[in-house]
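As structure tokens, the structure follows; a few thoughts come after it.
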Amino acid sequence: QVQLVESGGGFVQAGVFLRLSCAASGRTFSFYAMGWFRQVPGKGRECVAAINWNVGTTYNLDSVKGRFTIARENAKNTVYLQMNSPKPEDTAVYYCAAGKRSILTMTAGGYDNWGRGTQVTVSS
């Protein structure tokens, strides 16, 4: 079992940089893939970005490519989502998730531990 705590969400204007952090504890963080998902009311969770255990491979949702970057510091048991040039359509609750395996996946079923989420609201 792993505990995940997100931070860094809030209310920002479009185009203003925002960084989400997720601190993990409870199991060997570096063994597992990590992901960031988001959800808006009435819709399912979608994977925004994911990263392999060894940092070598990442995935980004098409709509955030070139704007969002996922990164991890295994020594600090932390994963980040750097949000450059956020848009109003990026408004959602963002969740950090720990993968079941070391290789990333874009499906929610591939993650077995979730944070409580942090609200990100982007104004135009």
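The values are calculated or read from the model by the stated rules, or taken from the named source; none is laboratory data. Since the model is a prediction, treat every value here as computed from it, not as a measurement. Cβ: placed from backbone, ideal geometry, glycine included. Neighbour counts: every protein chain shown. The area values use the complete protein model at the heavy-atom level, side chains included, leaving out ligands, DNA and RNA. Shrake-Rupley method; radii C 1.70, N 1.55, O 1.52, S 1.80 Å.
Close amide H pairs (under 5 Å, H built 1.01 Å from N) link ALA49 with TRP36, LEU61, residues at least 5 positions away or on another chain.
Rounded to the nearest Hz, the phi-derived 3J(HN,Hα) couplings of segment 102-108 under the Karplus curve 6.51 cos²θ - 1.76 cosθ + 1.60 (θ = phi - 60°) are 7, 9, 5, 9, 9, 9, 4, where x marks glycine and proline. Mind listing the phi-derived Karplus ³J(HN,Hα) values for segment 65-74, rounded to whole Hz, using 6.51, -1.76 and 1.60 with θ = phi - 60°, and x for any glycine or proline? With the stated coefficients, segment 65-74 comes to 4, x, 10, 9, 9, 9, 8, 9, 10, 5 Hz.
Phi-derived couplings, Karplus 6.51 cos²θ - 1.76 cosθ + 1.60 at θ = phi - 60°, listed residue by residue for segment 32-43: 10, 5, 10, x, 10, 10, 9, 8, 10, x, x, 10 Hz, with x used for Gly and Pro. About its Cα centre, the chain has a charge dipole of approximately 140 debye under the convention of +1 per Lys or Arg Cβ and -1 per Asp or Glu Cβ, with nothing else charged.
Run the numbers on the chain and let me know its relative contact order in percent, using alpha-carbon pairs under 8 Å that are six or more apart.
It comes to 36 percent, rounded to a whole number.
When peptides 30-42, 5-17, 98-110 are ranked by their average number of other Cβ atoms within 10 Å per residue, the highest-first order is 30-42, 98-110, 5-17.
Note on ILE103 and THR28: their simple-model spin labels are 1.9 nm apart, each label 7 Å out from Cα toward Cβ. How much of the accessible area of the chain, probe 1.4 Å, is carbon plus sulfur, in whole percent? Of all accessible area on the chain, carbon and sulfur atoms account for 50 percent.
The calculated FRET efficiency for ARG116 paired with ASP62, based on their beta-carbon distance and R0 = 22 Å, is about 0.25.
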